[in-house]
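FYI, it's all coordinate maths here, none of it is from the lab. The structure displayed is predicted, hence computed values, not measured ones. Here Cβ is always computed from backbone atoms with ideal geometry, including for glycine, and neighbour counts include all displayed protein chains.
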Amino acid sequence: MGDILKDKERVWDNKSNDFGLLPPSNVELLKKQAKEVKTTSLQRLALQEPQCGFGELGVCCRMCYMGPCRIDIFDGGPRVGVCGATADTIVARNLLRETVGGAAAHTEHAMDIAEVLKEVAEGKISTYTIKDEEKLKRVAENLGIKTEGKDIKEIAKEVAEISLEDFKRLEREPAVWIKAYTPKSSYEQLEKLGVIPHNVWRPIMNAMHRTSMGNDADPVNIMLADLQMGLIDGLGLTMATELSDVIFGTPKPIKSKANLAVIDPDYVNIAVHGHNPLLSEKIVEWAEKLNDKAKSLGAKGINIVGVCCTGNEVLMRHGVPLAANEFQAELAIVTGALEAMVVDYQCIWPILSDVASCYHTKLITTMPFVKIPGAIHIEYSPEKADEVAQKVIETALEAYKQREPSRVFIPDSPEEIIAGFSVEALIEVLKKVNHEDPLKPLIDNIVNGNIFGVVAIVGCPNPKTRRLAFAERMIKGLIKNNVLVIVTGCIAHIAGQAGFLNPNKVDSFEVGDGLKQVLKALGNVAGLNSLPVAIHMGSCVDNSRIGVLLKALSEKLGLKVSDLPVVASAPELISEKAISIGTWALALGVTVHVCPPPRILGGPKVREILTKDLKALTGGEAYVECDPELAVKGILDRIKQKRIALTLPVPEAVHI
Ligand code: BF8
Ligand code: SF4
């Protein structure tokens, strides 16, 4: 048991007992956790509060050892750091470093997949294959590779090599993936700003260099580097998604279930947690192969369940149920019925090890750079993927023998969901309405006002905002006003658990008449009662699917991305990755709502750039609002302005 658990006296107080609007099943498990583990995320948050105001405003600098320096933006205190750095310099530098954190995560994820594709193409590994040859050809053509007369492996090799070259190109030519996948009008604008990167590595290196002590002090110049970092993030997202589709298949609509009750006490339960599908795909494969072993132990079989974005990846391609978002990962263990939680990278809380140590659950780390004291480490590499997956499952089967049935508690029952709406899958549905021009029915319904606008609600489940049910309240407010909602990442888990991904629950929500009509009509052609009120497009890297859709819409209509009645929202931001995705969206020209406030409020110039000046540069706008109903209102107002500019009808918003 870790040191944190020695602090038993302080762990449960009134403040952390405020469950707000959390679903009752979460509350019951949090109470179980408080009793059995003596620590919960809400309690740890309470112990941190009040959190540092300088940090929240972004005006704390730790770039050198004359500091740390803090700027007092109100009055009386210092206006500059020891070196003379102003609040704006410090805020801009900190923000760029956050964006680097996210972009590095997404581009390394992409590179891992590109390397596997290369090894598959060269016949160096036999653990993976190319499942979607048609997608490979489409990606190749997007990247400017001729496919005619070439065999699949040859095309795969060229795609992988061009992708890997994007990381390290020395020539001053634009990164191929960015040129190929950025909407044309956005690209032209970004080219004028001089922020199109030549490769991935140099700007990341440069960003760390320029933000170190005694370099770039100009907030405007730093913010241009930040926009460039957003584009690099977009490259990572897009490459990761597109090449995952090539190797594992492009998602199609698929039925499954969501919430912690997908952990079934009759089965050996294994949770896959993290982001990269390279390992989780193998675990799904080996669970089937080793199912009989579980039966020989008296279980009904092996049940794989998904946590976070790896959960979304295997849901989209195999229908693996969604157990838990990042906030709930601990609770999955607290059910007492989870034999193993196997993690790859990103969003893996170290506390999972302490929580697992209170149960029979084995926490298994697999990546050389993601080790957690107390966890079992079974190291993954692409050539050993089968061996590692087998070992993970055998470890879980062993753990099953130690399960204590008296400690198992799984409240609630699973919620039905439908997921897997890749752009290709959406186009397939739309083709059933208009085969020649599939985007037309979507555009027509936006034009006539049946769909007021499109809002992508993406990102994380922050304990600070979970208590407010922030994402659920926003989705409710938007669908009432005929907004088509798209979800990804942990918000997709939240939407699934709340019934927003259940096609049979459309009538149990207050949905605008126009939107309801469209959802039902499209649902019928897709062989369903209706489409659900929120469309599941995947994991966080799958936000690139939204980028692909934006490119198609803006280029078909000859409009800028910023002209479209489309908004993105990360209402419960946790990760630096959400910052980098948001920066990419701003670079494309999207309006991005966010809460909690990004750490820019202490820098007046940086704040002005992101909330005002950017509109004239890329068309993007950052919008900070931490009241869910006011956020809906602000988003509707912004969509309304875009509709007015396009001379589209503007129905009155209903009350929120
Ligand atoms: O990449 S939504 S908490 S799991 S960062 Fe993390 Fe946020 Fe979840 Fe997926 Ni995305
Ligand atoms: Fe202080 Fe400047 Fe050093 Fe930052 S870089 S810690 S502001 S002296």
Problem - Most to least packed among 568-576, 129-137, 415-423 [average Cβ atoms within 10 Å] - result: 568-576, 415-423, 129-137
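Expressed in nm², what is the orientationally averaged projection area of the convex hull enclosing the Cα positions of the range 287-356? Could the numbers behind the result be given before it?
Details: hull surface 20.4 nm².
For the range 287-356, the mean projected area of the Cα convex hull comes to 5.1 nm².
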Handout entry: For the chain: relative contact order, % (alpha-carbon pairs under 8 angstrom, 6 or more apart)
Key = 17 percent
Practice task
For Phe369 paired with Glu171, estimate the spin-label separation in nm (one decimal), with each label point 7 Å from Cα along the Cα-to-Cβ line.
Solution key: 2.9 nm
Handout entry: Base-10 log of normalised Debye intensity for the range 422-504 (one unit scatterer per alpha-carbon) at q = 0.19, 0.26 Å⁻¹
Key = -0.92, -1.27
Handout entry: Inter-centroid distance (Cα atoms) of the range 276-305 relative to the range 318-369, Å
Key = 16 Å
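Would you kindly calculate the translational diffusion coefficient of the range 99-227, applying Stokes-Einstein with the Kirkwood radius from alpha carbon pairs, for 25 °C and a viscosity of 0.890 mPa s, and quote it in µm² s⁻¹ without decimals?
Translational diffusion coefficient: 150 µm²/s.
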Exercise for the section: Report the label-to-label distance for Thr611 and Lys184 in nanometres (one decimal), using points 7 Å from each Cα along the Cα→Cβ vector. Expected result: 3.6 nm
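To the nearest 500 deg cm²/dmol, what mean residue ellipticity at 222 nm is calculated for the chain from DSSP H runs of n ≥ 4 alone, each contributing -39,500 (n - 2.57), summed and divided by the residues? Kindly include the intermediate steps, with their values, before the conclusion.
On the way: 27 runs with 312 residues, N = 656.
Here the helix-only value at 222 nm equals -14500 deg cm²/dmol.
Where in the chain are the DSSP H helices whose alpha-carbon span along the long axis reaches 20 Å or more and whose Kyte-Doolittle mean is at least -1.0? Can you show the working numbers first?
Working: long enough: 87-121 (50 Å, 0.19); 152-168 (25 Å, -0.12); 219-248 (43 Å, 1.03); 385-400 (23 Å, 0.03); 543-557 (21 Å, 0.29); 628-645 (26 Å, -0.24).
Correct list, ordered by number: 87-121, 152-168, 219-248, 385-400, 543-557, 628-645.
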Problem - Calculated log₁₀ intensity ratio I(q)/I(0) where the Debye formula runs over C-alpha points of the range 599-656, q = 0.18, 0.22, 0.26, 0.31 Å⁻¹ - result: -0.76, -0.97, -1.08, -1.18
Exercise for the section: Please state the charge dipole magnitude for the chain, taken about the Cα centre, from unit charges on C-beta atoms (+1 on K and R, -1 on D and E), reported in debye and rounded to the nearest 20. Expected result: 740 debye
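Using only the Cα atoms, what convex hull volume per residue in Å³ does the range 302-428 have? Mind showing how you got there, number by number?
Details: hull volume 16.1 nm³, N = 127.
Per residue, the Cα convex hull of the range 302-428 comes to 127 Å³.
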Completion exercise
The simple spin-label model distance between Lys440 and Lys293, using points 7 Å out along Cα→Cβ, in nm, is 5.5 nm
Completion exercise
With 0.36 nm assigned to each residue of separation and the Cα-Cα distance removed, Lys124 to Asn529 gains 141.2 nm
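Exactly which chymotrypsin sites (Phe, Trp or Tyr not before Pro) in the range 321-400 are in a DSSP loop and have at most 13 other Cβ atoms within 10 Å?
Numbers: sites: Phe327, Tyr345, Tyr359, Phe369, Tyr380, Tyr400; in loops: Tyr345, Tyr359, Phe369, Tyr380.
Answer in residue order: Phe369.
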Practice task
Starting with the highest mean, order 582-594, 515-527 by the number of other Cβ atoms within 10 Å, averaged over the residues of each peptide.
Solution key: 582-594, 515-527
Fill in the blank from the handout: Per the 1/(1 + (r/R0)^6) rule, R0 = 41 Å and r from the Cβ atoms of Ala645 and Glu148, FRET efficiency to 0.05 is 0.45
Fill in the blank from the handout: Volume per residue (Å³) of the convex hull spanned by the alpha carbons of the range 135-206 is 94 Å³
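Indicate the gyration tensor shape class of the range 9-147 (rounded, prolate or oblate), computed on the Cα atoms with a ≥ b ≥ c the square roots of the eigenvalues: a/c under 1.5 is rounded; otherwise a/b larger than b/c is prolate and the rest oblate.
On the way: a/c = 3.22, a/b = 1.38, b/c = 2.33.
Taking the square roots of the gyration eigenvalues as a ≥ b ≥ c, the range 9-147 is oblate.
Stokes-Einstein at 25 °C, 0.890 mPa s, Kirkwood radius from Cα pairs: D for the range 168-224 in µm² s⁻¹?
Values: Rh = 12.6 Å.
Once the numbers are plugged in, D ends up at 195 µm²/s.
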Exercise for the section: Classify the range 321-367 as rounded, prolate or oblate, taking a ≥ b ≥ c as the square roots of the eigenvalues of its Cα gyration tensor: rounded when a/c is under 1.5, otherwise prolate if a/b is larger than b/c and oblate if not. Expected result: rounded
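Which order results if Glu398, Glu472 are arranged by neighbouring Cβ count within 10 Å, fewest first? Mind dumping the intermediate values first?
Details: Glu398 15, Glu472 22.
Listing Glu398, Glu472 from fewest to most nearby Cβ atoms yields Glu398, Glu472.
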Exercise for the section: Over all alpha-carbon pairs of the range 539-656, lay out the pair-distance distribution in 10 Å bins, whole %, shortest bin first. Expected result: 13, 44, 36, 8, 0
Completion exercise
For the Leu630, Lys556 Cβ pair and Förster radius 30 Å, calculated FRET efficiency rounded to 0.05 is 0.35
Completion exercise
Dipole check, the chain, charges on Cβ (K,R +1; D,E -1), about Cα centroid: among Ile283, Val59, Ile155 the Cα furthest to the positive pole belongs to Val59
Exercise for the section: Please grab the % of Cα pairs in the range 496-584 that end up more than 23 Å from each other. Expected result: 40 percent
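Which whole number in µm²/s is D for the chain by Stokes-Einstein, with the Kirkwood Rh taken over Cα pairs at 4 °C and 1.567 mPa s? Mind dumping the intermediate values first?
Working: Rh = 25.3 Å.
Using the Kirkwood radius from Cα pairs, D works out to 51 µm²/s.
Out of every Cα-Cα pair in the range 141-292, what percent are more than 23 Å apart?
Details: 6321 of 11476 pairs.
In whole percent, the long-distance tail amounts to 55.
Loop only per DSSP, at most 15 neighbouring Cβ atoms within 10 Å: give me the trypsin sites (Lys or Arg not before Pro) in the range 13-76, ordered by residue number. Don't skip to the end; give the middle numbers.
On the way: sites: Lys15, Lys31, Lys32, Lys35, Lys38, Arg44, Arg62, Arg70; in loops: Lys38, Arg62.
Loop-located and lightly packed - Arg62.
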Exercise for the section: Would you please put 252-260, 170-178 in order of how densely packed they are, using the mean number of other Cβ atoms within 10 angstrom per residue and starting with the highest? Expected result: 252-260, 170-178
Practice task
Quick one: check the C-alpha center-to-center distance for the range 186-235 versus the range 59-102, whole angstrom.
Solution key: 19 Å
Practice task
Please go through the residue pairs Lys362/Lys577; Lys255/Lys440; Lys32/Lys520 and name each one whose alpha carbons sit more than 30 Å apart in this structure.
Solution key: Lys32/Lys520
Problem - Global size of the range 198-285 as Cα Rg and Dmax, reported in angstrom - result: 20.3, 61
